[in-house]
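Rule-based calculations on the coordinates, nothing more; no lab input. This one's a predicted model, so the numbers in the text were calculated from it and none came from an experiment. Cβ placement follows ideal geometry from the backbone for every residue including glycine, while neighbour counts extend to all protein chains displayed.
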Amino acid sequence: MRHHEAEPASEDDDFDRPSKSQKKRDSHDLQDLGEDLLTLPASRLEPLNLPEILLEAIRDAKKITAHEGRRRQMQYLGKLMRREDPEPIREAVAAFKLGHALDSLALHQAERWRERLLGSDNELQVFIAEHTGTDVQQLRSLVRAARKDASAAPEQRSGRAFRELFQFIKSALLNKAQADE
């Protein structure tokens, strides 16, 4: 019976390559990035200059609804993405997500302002002071009409004036944000 002795590790052994576990984590990260790519509209994919085979895989993945088929397509997408630099893709996805988050934040701000304006005349003065250039007469008219709608049907918060006030506030917030840039 022959015993093999383990060779002592020499100092020049090369352990700089990634482990199998690291390769697997990297592969899963690329698949997750591929999932995020599926959320981007075509107009956001074009500037990334992705190879046609990758774009085709993305289009195919968007069409697949079967769980196993989608899983395999995502693995394929991850494999194709190994050839690409992931950083520009990550930046494009992050910028797209940030844009949606900012849009959502703006809508919530507009809703809060609408509630404040309907609740108090003092808030009307605060809004006018913060948003110079606002058509004060139109704003007062919309607030009056929305308050009238709300008093007529307190359980219904979706009258025409209520919606118009929201659109007016959203527009004023957008104008202020553009002026601040």
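Which shape class applies to segment 21-84: rounded if a/c is under 1.5, otherwise prolate when a/b exceeds b/c and oblate if not, where a ≥ b ≥ c are the square roots of the Cα gyration tensor eigenvalues? Taking the square roots of the gyration eigenvalues as a ≥ b ≥ c, segment 21-84 is oblate. For a quick check, take a GNM of the chain with Cα springs below 10 Å and name the residue from Arg112, Arg25, Arg17 with the largest mean-square fluctuation. Comparing Arg112, Arg25, Arg17 in the GNM, the peak value goes to Arg17.
With neighbours defined as other Cβ atoms within 10 Å of a residue's Cβ, the residues Asp60, Asp16 order from fewest to most as Asp16, Asp60.
To the nearest 10 degrees, how steeply does helix 136-152 sit against the main Cα axis of the chain, on a 0 to 90 scale? Approximately 90 degrees, to the nearest 10. As a proxy for reagent exposure, Ile169, Ile89, Ile128 were ordered by neighbouring Cβ count within 10 angstrom, fewest first; the result is Ile128, Ile89, Ile169.
Rounded to the nearest 0.05, what FRET efficiency do Asp121 and Leu98 have when you use their Cβ-Cβ distance and R0 = 45 Å? Using R0 = 45 Å, I get an efficiency of 0.80. When shorter helices are ignored and each DSSP H run of at least 4 residues is given -39500 (n - 2.57), the per-residue value for the chain at 222 nm works out to -24500 deg cm²/dmol. Shape summary: the chain maps onto an equivalent ellipsoid whose semi-axes, from the alpha-carbon gyration tensor, are 57, 20, 17 Å in decreasing order.
If R0 is 22 Å, what FRET efficiency do you get for Arg90 and Asp60 from their C-beta distance, rounded to 0.05? Efficiency, rounded to the nearest 0.05: 0.50.
Each residue in Val136, Val143 was given a count of other beta-carbon atoms within 10 angstrom of its own, and listing them fewest first yields Val136, Val143. Approximating the spin labels as points 7 Å out from Cα along Cα→Cβ, the Glu46-to-Leu107 distance works out to 2.6 nm.
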